[in-house]
Amino acid sequence: MSTISRRKVLITGGAGFIGSHTADELEKRGYKIRILDNLNPKTHFNGWPAWVRPSWEKIKGDVRSRATMVRALKGVDYVIHLAAMMDLMPVYSQFMDTNVTSTALIYELIAEKKLPIKKVIVASSQFVYGEGRGRCKIHGVVNCEMRREENLKRGKWQPVCPSCGKEVVSLKLVETHQDPANQYSISKYAQEMIALKLGRLNNIPSVAMRYSIVHGPRQSLKDAYSGALRIFTLQMLLGRTPSIYEDGGQLRDYVSVYDVARANALVLEDERADYENFNVGGGKGITVLNLAKMIAAEVGWKEKLTANGEYRVGDIRDAVSDISKLQSLGWKVQMTEGEVVKEYISGVREQKLDKDYAKEAEEQMKKAGVIRRSGVK
Ligand SMILES: NC(=O)c1ccc[n+]([C@@H]2O[C@H](COP(=O)([O-])OP(=O)(O)OC[C@H]3O[C@@H](n4cnc5c(N)ncnc54)[C@H](O)[C@@H]3O)[C@@H](O)[C@H]2O)c1
C-alpha cells in the first residue's frame with residue numbers, strides 16, 4: 001500500500017448525502033475515513049444511518065464547537081468540509097454561524113496548532129452566482145440583478161438587463177463570476193473566500209467546489225426544503241400534484257452524487273486544483289417541468305403537469321454551470337440525469353414514508369413568507 005493510500009480524511013457532514021458518497025469513493029481509493037456529524041434531526045431519522053460503514057471513525061458533534069473540531073482535526077491529512085445549513089428559511093444568523101464560522105474555525109485551528117493538513121476542500125454552491133449573467137440584445141453580456149418582486153408578482157419570470165429593463169437570455173455560469181443574493185449563497189461564498197484567501201495566507205492548499213443540484217440515493221427525505229427531484233418524487237408517490245413553481249421553465253443542471261464524489265476525490269489528489277474554485281455540474285440545462293415529466297414517467301403519474309404560478313423568494317431563474325474548468329483536470333460526467341432519476345426513485349420506493357415531509361416543508365416556507373403567489377396560474 002502506498003503512503004498516499006494510508007492518509008486520513010476528515011469529512012464533516014460525513015453521515016449526509018454527499019459526505020457519505022465521498023467517503024465511499026475515498027475509501028475505495030485507500031484512504032482512512034473519519035466523519036464528523038451532529039446527525040441533524042432535519043436530515044436524519046434515528047442515529048447513524050445504515051450507510052455509515054464500520055470502518056469509518058465516527059465523531060458525533062457540531063462543527064461550531066471548538067473542542068469538537070480540535071479533536072476532529074487531530075491526526076488527519078485532509079479535510080472535506082460539507083456540514084452546512086442549506087434551506088431557504090430566513091434564519092440568517094444560523095446560516096452564518098453554521099457555514100461561515102465553522103469554516104473560519106477550521107483555518108484558525110490549523111494555523112494556531114500548526115496542524116500538518118495537506119488540503120482543505122469546502123462545499124460551495126451554484127447558488128453563489130445569483131441570477132448569473134445574461135445576454136441583452138442592446139447591451140451585450142450583463143450581470144443580472146436579483147429578480148424584482150413586482151415582476152414576479154406579474155409572472156414576469158425572466159431576469160432583465162439592469163440598464164434597459166429588457167429580458168435577457170441567460171448564459172452558462174463560469175467560475176470567474178459570483179453575485180450571491182440570499183442567506184445561503186452569501187454564506188457559501190464567504191466559505192469560499194475563507195478557504196481560498198486564508199488558505200493562501202497560511203499555505204494550506206484549499207479548493208472550493210460549486211456544486212449544481214446534486215441527485216442520487218441517500219438524499220434525505222426529511223429535508224424537503226429544496227431539491228426538485230426529492231420534492232416531486234415525494235409528492236407524486238403520495239398522490240399529490242407536484243408544486244412546479246413559476247411557469248416550470250426554470251433551467252437547472254443536475255449532477256449525480258457519484259460524479260460529485262469523484263470530483264471531490266480528484267481535486268483532493270490533483271495539485272493543479274489548489275487555491276481554485278470549480279463548478280461541478282451536469283453540463284446540460286433541463287427545465288423544471290421536463291424534470292417533473294421524467295419523474296412522472298418513472299413513478300407512473302398520469303395527471304397533467306402544470307406550473308402553479310407560485311414562486312420562492314430568493315430563488316433564481318436559470319442556473320446551468322459551465323463545467324469545462326473541472327473537465328480540463330480530466331473529470332467527466334458519467335451518469336445522465338435519466339439514470340439518476342431512475343436510481344433515486346427506486347431508492348425512495350424502498351424507504352418507509354412515515355410522513356409527507358414535502359408538505360410540511362412547503363407549509364413552513366409559506367408561513368415564513370418564502371413561497372408567495374403571483375397573479376398568474
Ligand atoms: N445536495 C446538493 O444539491 C448541494 C448543492 C450545492 C451545495 N451543496 C453543499 O454540499 C454540502 C453537503 O450537502 P448534502 O446535500 O450532502 O446535505 P446533507 O444534509 O445530506 O448532509 C449534511 C450533513 O451535515 C450534517 N450537519 C449539519 N449541520 C451540522 C453541524 N452544525 N455540525 C455537524 N454536522 C452537521 C447533517 O447532519 C448532515 O449529515 C453542504 O455544504 C451543501 O451546502 C449541496
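Which residues, taken from the stretch 1-48, are modelled with pLDDT under 95, hydroxyl-bearing (S, T, Y) and within 16 Å of the ligand (Cβ to nearest atom)? Passing the criteria: only T43. Would you check if G75 is more than 7 Å from the ligand (Cβ to nearest atom), modelled with pLDDT under 95 and on the phi > 0 side of the Ramachandran plot? For G75, the condition - more than 7 Å from the ligand (Cβ to nearest atom), modelled with pLDDT under 95 and on the phi > 0 side of the Ramachandran plot - is not met.
For every residue, the table says whether it meets (1) part of a loop (DSSP other than H, G, I, E, B); (2) out of contact with any Phe, Trp or Tyr (no Cβ under 6 Å at 6 or more places or on another chain); (3) on the phi < 0 side of the Ramachandran plot.
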{"position": "R262", "(1), (2), (3)": "no, yes, yes"}
{"position": "N290", "(1), (2), (3)": "no, yes, yes"}
{"position": "K293", "(1), (2), (3)": "no, yes, yes"}
{"position": "A296", "(1), (2), (3)": "no, yes, yes"}
{"position": "K302", "(1), (2), (3)": "yes, yes, yes"}
{"position": "Y311", "(1), (2), (3)": "no, no, yes"}
{"position": "D315", "(1), (2), (3)": "yes, yes, yes"}
{"position": "K325", "(1), (2), (3)": "no, no, yes"}
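Table: residues versus (1) small (G, A, S); (2) under 20 Å from Q183 (Cα atoms); (3) under 20 Å from the mean Cα position of the chain (by Cα).
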site	(1), (2), (3)
G61	yes, no, no
I80	no, no, yes
Q94	no, yes, yes
E108	no, no, no
V120	no, no, yes
E150	no, no, no
K156	no, no, no
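When K172 is tested against (1) within 30 Å of S93 (Cβ to Cβ); (2) basic (K, R); (3) modelled with pLDDT of 95 or more, only condition (1) is not met. Looking across the stretch 92-134 at every residue that is in a helix (DSSP H, G or I), under 29 Å from D270 (Cβ atoms) and without any contact (Cβ under 8 Å) to a residue 12 or more places away in the chain, the one that is farthest from the ligand (Cβ to nearest atom) is identified as E112. The single residue among A208, A195, A190 that is within 16 Å of the ligand (Cβ to nearest atom), of a type in the set (A, V, I, L, M), outside any loop (DSSP other than H, G, I, E, B) and touching an Asp or Glu at 6+ places or on another chain (Cβ under 7 Å) turns out to be A208.
Annotation: A307 fulfils all but one of (1) crowded, with 20+ Cβ neighbours inside 10 Å; (2) within 30 Å of A208 (Cβ to Cβ); the unmet one is (2). As a summary of the residue check, G248 satisfies the conditions (1) buried (at least 19 other Cβ atoms within 10 Å of the Cβ); (2) away from the ligand (no atom under 16 Å from the Cβ); (3) not in a loop (DSSP other than H, G, I, E, B) except for the one numbered (3).
Restricting attention to the stretch 251-268, the residues that are surrounded by fewer than 22 Cβ atoms within 10 Å (Cβ to Cβ) and among the aliphatic types (A, V, I, L, M) add up to 3.
Could you run through the stretch 127-146 and say how many residues are within 15 Å of N182 (Cβ to Cβ) and either surrounded by fewer than 23 Cβ atoms within 10 Å (Cβ to Cβ) or of a type in the set (S, T, Y) (or both)? Break it down into steps so the answer makes sense when it comes.
Of the stretch 127-146, the ones within 15 Å of N182 (Cβ to Cβ) are 127-132, 144-146.
In the following step, the residues that additionally are either surrounded by fewer than 23 Cβ atoms within 10 Å (Cβ to Cβ) or of a type in the set (S, T, Y) (or both) were identified as 129, 131, 145-146.
Counting residues in the stretch 127-146 that are within 15 Å of N182 (Cβ to Cβ) and either surrounded by fewer than 23 Cβ atoms within 10 Å (Cβ to Cβ) or of a type in the set (S, T, Y) (or both) gives 4.
Scan the stretch 269-288 for residues that are assigned to a loop (DSSP other than H, G, I, E, B) and either buried (at least 19 other Cβ atoms within 10 Å of the Cβ) or not charged (D, E, K, R) (or both) and the total you get is 5. The lone criterion from (1) in a loop (DSSP other than H, G, I, E, B); (2) within 16 Å of the ligand (Cβ to nearest atom); (3) touching a Lys or Arg at 6+ places or on another chain (Cβ under 9 Å); (4) over 24 Å from L326 (Cβ atoms) left unmet by M89 is number (3). All conditions in (1) on the phi > 0 side of the Ramachandran plot; (2) within 17 Å of the chain's Cα centre (by Cα) hold for K188, with the sole exception of (1).
The values are calculated or read from the model by the stated rules, or taken from the named source; none is laboratory data. Treat the numbers as computed from the prediction; the structure is a model and nothing was measured. Cβ: placed from backbone, ideal geometry, glycine included. Neighbour counts: every protein chain shown.
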